[in-house]
Amino acid sequence: MTNRILFLGPPGAGKGTQAERLAADRELLHLSTGELLRAEVKAGSTLGQEAEAVMARGELVSDALVLAIVRHRLEAHTGGWLLDGFPRNVAQAEALTLLLEELQQPIESVLLLELDDDELIKRLLSRGRDDDNEAVIRNRLVVYQEQTEPLIAFYRSRNLLVPVDATGSIDAIAQRVAAVVG
Ligand code: AMP
């Protein structure tokens with residue numbers, strides 16, 4: 001069984017939904033940097049104020065900021081985890097590798113949820129989050145292609161990448177995810 005898993009894939013592919021389900025089934029920690037940042041924005045913290053405008057544009061908040069959040073959570077946790085929405089670029093992935101070496105908790109599997117752009121936009125528009133209007137969605141897809149997609153090659157070259165078909169219902173995708181994590 002795989003207990004340290006990273007969810008990779010474009011916005012709208014279902015990373016959050018699938019990570020949440022799997023975490024509940026396996027009693028793993030679900031760490032979503034997007035969720036944690038939204039909570040900071042809602043709480044009006046200094047960190048949230050710093051992140052709010054950047055998130056509203058669909059850009060990435062600073063590496064240092066998200067890294068501090070992830071480090072804080074992982075250091076305080078023993079047991080398995082699922083990372084969702086982090087890393088988002090190669091610098092974050094390299095920093096994560098170092099952090100996990102330090103914690104002696106290497107990633108066991110990187111699940112790449114695959115779905116084409118038309119389907120992604122449809123799903124995102126039906127979600128109705130603040131940063132889900134069409135212009136921002138398109139920007140988030142561009143940011144994904146430019147900054148996050150290089151992580152596919154990064155993890156493939158480390159023999160960690162497992163592609164998962166992310167079409168169909170939440171249950172259908174969950175079954176495919178369960179099959180690959182064992
Ligand atoms: P998500 O819920 O993963 O779609 O994230 C929502 C927004 O939070 C993104 O569009 C970014 O502005 C920000 N965000 C989430 N995770 C990260 C990350 N790892 N690095 C930088 N920004 C992030």
Residue under evaluation Arg140, criteria (1) in a loop (DSSP other than H, G, I, E, B); (2) closer than 29 Å to Arg71 by Cβ, criterion not met: (1)
Which listed residue is in a loop (DSSP other than H, G, I, E, B) and at pLDDT below 95, from Asp118, Asp130: Asp130
Residues of segment 22-76 satisfying the condition of being under 27 Å from Leu111 (Cα atoms), assigned to a loop (DSSP other than H, G, I, E, B) and away from the ligand (no atom under 12 Å from the Cβ): Glu27, Leu28, Ala76
Residue in segment 155-163 that is open to solvent by less than 70 Å² (accessible area, probe 1.4 Å) and farther than 22 Å from Asp25 by Cβ present: yes
Complete set of residues in segment 57-111 that are touching a residue at least 40 places away in the same chain (Cβ under 8 Å), out of contact with any Pro (no Cβ under 7 Å at 6 or more places or on another chain) and over 23 Å from Ala24 (Cα atoms): Arg57, Gly58, Glu59, Leu60, Arg88, Asn89
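For segment 24-38, name all the residues that are among the small types (Gly, Ala, Ser) and open to solvent by 60 Å² or more (accessible area, probe 1.4 Å). Break it down into steps so the answer makes sense when it comes.
The initial filter retains those residues of segment 24-38 that are among the small types (Gly, Ala, Ser), namely 24, 32, 34.
The answer is Ala24, and nothing else.
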Any hit, segment 47-63, residues being within 28 Å of Asn3 (Cβ to Cβ) and touching a strand residue (DSSP E or B) at 6+ places or on another chain (Cβ under 8 Å): no
Count - residues of segment 146-171 that are free of Cβ contacts under 8 Å to residues at least 60 places away in the same chain, assigned to a helix (DSSP H, G or I) and farther than 16 Å from Ala19 by Cβ: 3
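Of all residues in segment 83-115, how many are of a type in the set (Ser, Thr, Tyr) and either part of a helix (DSSP H, G or I) or within 12 Å of the ligand (Cβ to nearest atom) (or both)?
Of the residues in segment 83-115, the ones of a type in the set (Ser, Thr, Tyr) are 97, 109.
The next check asks that each one be either part of a helix (DSSP H, G or I) or within 12 Å of the ligand (Cβ to nearest atom) (or both); those that pass are 97.
Count: 1.
The values are calculated or read from the model by the stated rules, or taken from the named source; none is laboratory data. Since the structure is predicted, the reported quantities are computational estimates derived from the model, not experimental observations. Counting neighbours? That spans all protein chains shown, and the Cβs are built from the backbone with ideal geometry, glycine included. Only protein heavy atoms, including side chains, enter the accessible area calculation; ligands, DNA and RNA are left aside. Shrake-Rupley method; radii C 1.70, N 1.55, O 1.52, S 1.80 Å.
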